[in-house]
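For reference, the structure discussed in these notes is given below.
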Amino acid sequence: MSEGSKGSSLAFGQVVIGPPGSGKTTYCHGMQEFMGRIGRKVTVVNLDPANEAMPYQCAVDIAELITLPDAMENLKLGPNGGLIYCMEYLEANFDWLQEKLAAFRGHYYLFDCPGQVELYTHHDALKNVFAQLAKWNFRLAAVHLVDSHYCTDPGKFISVLCTSLATMLHVELPHVNVLSKMDLIEQYGKLAFNLDYYTEVLDLSYLVDHLASDPFFRNYRRLNEKLVEVIEDYSLVSFVPLNVQDKESMRQVMQAVDKANGYSFGDQEHRSLEALMSAAVGADFHFTSTLAVQEKYVQSQDKAVEEEVMDL
């Protein structure tokens, strides 16, 4: 993996990014298990210096180089400043990262990244780390996780769209946006539109009109219209729904990422995937499809409307 080497073999993987609490570590754990079941050798690299409890098998951990508590204590920094310093320290110690990764040649890599949004929207340290990995012949796709509960609030969803777009433009990697925790969407509240409206990011003028029904947001209609215009003009943002406990949902995300970074697996992995998808329910997966969750969600809404009509 020497820099600039044309003959070194390609390495494929994902950089898992997104806001705090969006499910990055859970995703890495679930994807490691899912890919392991179809025979793909997976190495998880923890690049989050604040990540102390990791459920997955971690092969490379930035804590061996630097930790957030140490940076905060020694440099008298807050959590945000400490995270930025840790990423800059990693950028200054590429040789450490290269040496650690060299021990896992031939593996598929999952990079579990920090949850500080500015690292992906305008700060360059982590972007430079990704660029260095590309020089080492890594073919990476960015998997940007967003909590699906933002769909229940039109104002927050517009904000999420802007953040996702800024991240795509700044990180400069093949990109897959993911709506995580779809199995919990029923607990978040009512959706104003069908789920595909949010995943495909359809005509956002309806979202602006819906926002205008709120007296508070009515005063910001022109601002929301301009934000929506920016999102639609780029026409880049869309989402793949994800329920980590659903094997079909995991397969769809994995295939979207494989398509993004150009990963092609052999016949054996394809057969293993087909066998896994047709297997009986196991202990690790509940196999409740995302579509079933959506149907249940819509049915519960219809039932609630019927009850309201009956009360009237």
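The values are calculated or read from the model by the stated rules, or taken from the named source; none is laboratory data. What you see is a predicted model; the values in this text were computed from it and never measured. Backbone-built Cβ (ideal geometry, glycine too); neighbour counts: all protein chains shown. Only protein heavy atoms, including side chains, enter the accessible area calculation; ligands, DNA and RNA are left aside. Shrake-Rupley method; radii C 1.70, N 1.55, O 1.52, S 1.80 Å.
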Set G106, G155, G115: member being closer than 24 Å to G36 by Cβ and at pLDDT below 95: G106
Cβ pairs under 9 Å, 6+ apart, first in region 39-61 and touching a residue at least 60 places away in the same chain (Cβ under 8 Å) and farther than 16 Å from V15 by Cβ, second open to solvent by 30 Å² or more (accessible area, probe 1.4 Å) and of a type in the set (F, W, Y): G39/F265; R40/F265; K41/F104
Subset of region 185-200 [open to solvent by 60 Å² or more (accessible area, probe 1.4 Å) and either assigned to a helix (DSSP H, G or I) or in contact with a Cys (Cβ under 6 Å, 6 or more places away or on another chain) (or both)]: E186, Q187, D196
Wholly enclosed helices (runs of 4 or more DSSP H) of region 92-167 bearing at least 3 residues open to solvent by less than 10 Å² (accessible area, probe 1.4 Å) and within 17 Å of L47 (Cα to Cα): 125-135
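Does G23 meet the test of being out of contact with any His (no Cβ under 8 Å at 6 or more places or on another chain), under 20 Å from L179 (Cα atoms) and in contact (Cβ under 8 Å) with a residue 60 or more places away in the chain? So that I can check it myself, show each step before the final result.
On the way: out of contact with any His (no Cβ under 8 Å at 6 or more places or on another chain): yes; under 20 Å from L179 (Cα atoms): yes; in contact (Cβ under 8 Å) with a residue 60 or more places away in the chain: yes.
The answer is yes for G23.
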Selected residue (only one of L227, L179 is in contact with a Phe, Trp or Tyr (Cβ under 6 Å, 6 or more places away or on another chain) and aliphatic (A, V, I, L, M)): L179
Any hit, region 58-81, residues being open to solvent by 40 Å² or more (accessible area, probe 1.4 Å) and within 30 Å of S278 (Cα to Cα): yes
Among residues of region 215-254, those that are closer than 24 Å to Y109 by Cβ and polar (S, T, N, Q), counted: 4
Sole residue being under 27 Å from H149 (Cα atoms) and surrounded by 19 or more Cβ atoms within 10 Å (Cβ to Cβ), chosen from G23, G13: G23
